[in-house]
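Encoded as structure tokens, the structure appears first; notes follow it.
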Amino acid sequence: MEDEGGNTDAGGGDDTKQPAGIEEDMESVVAIHNCMNEGTWSRILQWEKVLNPTSSTDNQTNDKEEEGGVTPKLLKFCGRPTDLSPKAYIKHYLFSHPLPFDRHDWTVTRSNPTDGSETEVRYVIDYYHDEVMASEEAGSGMPNMDDGIGENGRIKSLLVDVRPAADSVSDIWGRMVSMPLARRGCRSILECVLFKGHGSGPKSDFEPLPLKPNETLIQSLDESKRVWDNIQRDAASKKGVGAKDGGGGDACTSDSLEGGSEESQAKSASTIGNSSANDANISKADATKMAETFSKILSQCKDSKAALQSCSSEEECNKAFMGMTVCAGQYMCPLQHKSFLEALESHGSSSGNGSNEEVAEAKINIAFEVLGECVASYDQRAGMAKKQHADVFEKLTKQK
């Protein structure tokens, strides 16, 4: 190790030199990480170009304004490697797709060029690794991050699934309607119907990852399970670090140049506080209905509950949790449950038809996200009702 004058530090010598290959390996890791981030951001910009046409998305940076619009900016991102997204649940447990090796939630701000107002939009990103493609890629050990990832990039073994979270009606509409239409160059549903999915307008370059795995991904299924188990064990030994554990330290990072994340966090805290205040008072009539609903669930979802209580591995527990969510959903959230079943049926009937199948897949993962959020919300409210009207729940328990 040399100082500014070129002299070797005392004690440095040859012993401080990195082993052969370490420096090259680190460069490769950095290149892959940069490539993942670049690939993620480019796909977010593809979404933004469709969902927010007033934005300028021609450049690949997040802090530059151009004529004709304002480029979306990355406000913050959260690493959530221990949380399976609803879409990842569906892909793995219904279609035997490999598990993702990582998940991020990126929050983007959209600026309105007319009045300067900003809107925050959350994107959910799942990262997958194709072991077979990795072993067949020539020169993939030292990738060029400008070459991209995925099917059309240099690093074909790294796959990224990017989509807006189902946080609002407009986001759901964007996933189920706007993007599928844009990919076909259709300006309206009617145009797509009349011209059989071939519109006359410009087509989006966005290519979604399918729910079903291809032949090479199927071969990566077992390895993805081992990686997932290792992630869970590592998280268990570091409790409180992950985003789902409430750790705000390393899990979520702000990338705003204007310090907007603190304001965003304050808004989130305010929203949570208001939500708790709104749900503080639950009538006895509502509590009785909730208690009766839980009574039905205990009676009709015995197998799902037993599977959830007896699961021994992370994979078994995730599968059991999904089963319990669907079973409980038919009583807690019947409309959302019906929509989920209809989405599954529509996917089966559209198999083999690329255009219809993509829309059907979007419906499935959106429907399950909405169902899961509805069940979680109902369960939280029922917990409050039980605290306020314990006698109602105890009475039904004794009757059982």
_Around H337: net Lys/Arg minus Asp/Glu count, Cβ-Cβ under 15 Å_ = -2
_Can you give me the solvent accessible area of I282 with a 1.4 Å probe, rounded to the nearest 10 Å²?_
10 Å²
*asked:* Students sometimes get this wrong: rank L308, L221, L99, L298 by accessible area, probe 1.4 Å, all chains present, largest first.
replied: L298, L308, L221, L99
_At 1.4 Å probe size, what's the solvent-accessible area of E223? Round to the nearest 10 Å²._
60 Å²
*Kirkwood Rh over Cα pairs of the stretch 187-232 into Stokes-Einstein at 25 °C, 0.890 mPa s: D in µm²/s?*
172 µm²/s
*For L221 and H198, what is the calculated FRET efficiency with R₀ set at 25 Å and r taken between the beta-carbons, to the nearest 0.05?*
0.10
*Which pairs in the list K91/K296; K73/K363; K296/K395; K284/K386; K49/K203 are over 20 Å apart, alpha-carbon to alpha-carbon?*
K91/K296; K73/K363
_Solvent-accessible area of S339, probe 1.4 Å, all protein chains present, reported in Å² to the nearest ten, please._
60 Å²
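The values are calculated or read from the model by the stated rules, or taken from the named source; none is laboratory data. This one's a predicted model, so the numbers in the text were calculated from it and none came from an experiment. Glycine also receives a Cβ, built like all others from the backbone with ideal geometry; neighbour counts cover every protein chain displayed. Calculation scope for accessible area: heavy atoms of the full protein, side chains included, ligands and nucleic acids excluded. Shrake-Rupley method; radii C 1.70, N 1.55, O 1.52, S 1.80 Å.
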